[in-house]
Amino acid sequence: LNGQNATTQERIRAIKRAQLNDRRLGIAEQNRLGGELLELKEMSASIDRELILLLQKQDQLIVRAETPGQIVTWGVAELLLRRPVQTGHALMTIVDPTGDWELELNMPERRMGHIASAARGRQEPLRGTFVLSSHPGLEFEGYVTDIHRMAEVLGDEGNSVVIRVAIDKDQLPELRSGTTVTAKVNCGRRSIGYVLFHEMLETFQSKILFWF
């Protein structure tokens, strides 16, 4: 289109020079050149409109993140090279290391009753501790900010509920998105017998008594 537009503009300039410099043009020739000039100007305007549309489409091919950050997806160039994508496809993960950090815990659904009981009537959020897989000898703290209302099938644990835990990034030895953690949510105090055997008792109640 740019080449067509350049050719059209050059022909427009040639006609204008002919109209100005050659005073011996007859009426018929002047009319012909005038008609061709109008046609070329309309063609140029049409090309300009089409170019604007194509530039807009080209701009839409650029994927922009909603917020600035760092790409943490490994091998983005190899992952996306010649890959057809559609609207809504996840292309890469971008994180903001300067923003707030949080844990995403997959809590087995069978344990949600204890968490719901502990959270009921509390003014302060539930607190918990976690250990980084990269630093198993260190323990860190955080507090629950959100508990999803829907259970999903995640991994070998079966139905699980996602719990988000706010953490202080300054207390961590290193920041790495996607690091695996082992976490505990503090649900209060119980007798040592209940702590040791409650899972066995709940399994008995849910699976054995159910069949009775």
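Things worth noting here:
- The residue that is modelled with the lowest pLDDT, counting only those in segment 118-140 that are among the hydroxyl-bearing types (Ser, Thr, Tyr) and open to solvent by 50 Å² or more (accessible area, probe 1.4 Å), is 134.
- Hits in segment 34-51 - residues which are open to solvent by 70 Å² or more (accessible area, probe 1.4 Å), touching a residue at least 12 places away in the same chain (Cβ under 8 Å) and not aliphatic (A, V, I, L, M): 41, 50
- Residue ID - least open to solvent (accessible area, probe 1.4 Å), chosen from residues in segment 94-115 that are without any contact (Cβ under 8 Å) to a residue 12 or more places away in the chain and farther than 20 Å from residue 173 by Cα: 113
- Among the residues of segment 15-33, not a single one is surrounded by 11 or more Cβ atoms within 10 Å (Cβ to Cβ) and under 54 Å from the mean Cα position of the chain (by Cα).
- Every listed requirement among (1) within 20 Å of residue 2 (Cα to Cα); (2) free of Cβ contacts under 8 Å to residues at least 12 places away in the same chain is met by residue 54 save one, (2).
- Restricting segment 109-157 to residues that are over 20 Å from residue 187 (Cβ atoms) and of a type in the set (Gly, Ala, Ser), the residue that is nearest to the chain's Cα centre (by Cα) is 155.
- In segment 141-164, of all residues being out of contact with any Pro (no Cβ under 8 Å at 6 or more places or on another chain) and assigned to a loop (DSSP other than H, G, I, E, B), the one that is most open to solvent (accessible area, probe 1.4 Å) corresponds to 149.
The values are calculated or read from the model by the stated rules, or taken from the named source; none is laboratory data. The structure displayed is predicted, hence computed values, not measured ones. Glycine also receives a Cβ, built like all others from the backbone with ideal geometry; neighbour counts cover every protein chain displayed. What goes into the accessible areas is simple: the full protein's heavy atoms, side chains included, and nothing from ligands, DNA or RNA. Shrake-Rupley method; radii C 1.70, N 1.55, O 1.52, S 1.80 Å.
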